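In what follows, a structure is listed as structure tokens, so that the remarks can point back to it.
Nothing in this text is a laboratory measurement; each read-out follows from the coordinates by a stated rule. Please read these numbers as outputs of a predicted model, since none were measured by experiment. So basically every Cβ, Gly included, is an ideal-geometry build from the backbone, and we count neighbours across all protein chains shown.
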Amino acid sequence: MKLRLGIIGHGDVWKTRHAPSLRVLHDRFDVRAVFSTVAKLAENMAGEFQADAIEGYRSLVTRCDIDAVIVLQRTWLGWLPMLAACEAGKAVYWAGDLDLDIHRDQQMRKSIEESGVSFMVEFPRRFAPATLRLKELIATRLGKPKMIFCHRRMFEHEAACQSPHVDPVRRELIELTDWCHYVVGRPADGVTSIQHQTACRDDREKTTTDYRCLSLAFNATDDSPAVTAQLSCGSYIPDTWKEAIGFRSPAGMHICCENGIAFVDLPSGLVWFDEAGRNMETLDTEMPVGQQLLSHFHRSVTSLLRNSSDLDDAFAAAKILAAADESEANRQWVTL
């Protein structure tokens, strides 16, 4: 079955992830209409797929030739385009940021659940070839996780002072939290957080977070040991220090399991060790992340089983960040 798509917004990775994947998966998707708050962007995107550039998001989601909607970013319109799509009974692929307000956005969550539509959140780290292979190794060779270390070193321009509604470091930590939850297989039970802030160059009254670290605890269960995870993200090396930026870059994830350890560099780098020694996986030939994500979305829409867990997982990650904020404010460990 070919899904007829409407595209809303213009995300940072449209040209590198979504557009190429939609072209490869042309047998599963047909882009029919595009809407963006910037009209010129909508025209350019529509031209790539011989689609219609639409002036309003409601006009797009109510079209009879649209089966599903891909929302690439959360603009000043907030959740309105997504809610309109749910009201129109159209499946939604949400590729915007995951910085949800666990209290204010509960009504949005309820509306999506009551609409009955298939709703998928884009979790690119979950669908990276290295992550999928790591999950296989945990089940077969490495055993259950015990300790996890995740670090994301951002470039200075990525974490530059932006709109007060956008915090790049916070956004990265939410995605790292979900990645950790996915690998462990359950949400964390407690968190503590610290951060370092620096005044913005163009406005000394504003600050930007150039480093933040979260420590997560996963309690032991009947069939799994307790897990300790440390997640950190920051931009503490100036862009002009080009040699320093690439020096000894830490692995995206370093995971210690019952029977071995593994080092993951997304999207396809994986080295793991057990009693037999070092093992290097060659994953460059696996399906790219964008195609994995959209293929999963196609299956979730065309199958008889409605996907509803993604929204719960997104709120679980946001709940951790809310607890981390409380931890910093009170300088104490927060139990979830």
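Annotations for the structure displayed:
- Between the range 80-117 and the range 2-55, the Cα center-to-center distance that results, in Å: 20
- Relative contact order of the chain, taken over Cα pairs closer than 8 Å and 6 or more residues apart, is 19 percent.
- Beta bridges by DSSP in the chain, antiparallel share as percent, to the nearest 5: 60
- Peptides 61-67, 17-23 ranked from most to least packed, by the mean per-residue count of other Cβ atoms within 10 Å: 17-23, 61-67.
- Segments 232-239, 88-95, 108-115, 69-76 sorted - mean Cβ within 10 Å per residue, highest first: 88-95, 69-76, 232-239, 108-115
- Charging the Cβ of each Asp and Glu at -1 and of each Lys and Arg at +1, and nothing else, the dipole of the range 24-112 about its Cα centre rounds to 280 debye.
- Mean Cβ neighbour count within 10 Å, used as a protection proxy, ranking 170-177, 97-104, 329-336, 148-155 highest first: 170-177, 148-155, 97-104, 329-336
- Whole-number percent relative contact order across the range 231-297, with pairs defined as alpha carbons under 8 Å at least 6 apart: 16
- Simple rule: put +1 on each Lys or Arg Cβ and -1 on each Asp or Glu Cβ in the chain, find the dipole, and look at 16, 327, 111; the Cα lying farthest toward the positive end is 16.
- Cut-off under 5 Å, modelled amide H: who pairs with residue 194 long-range: 213
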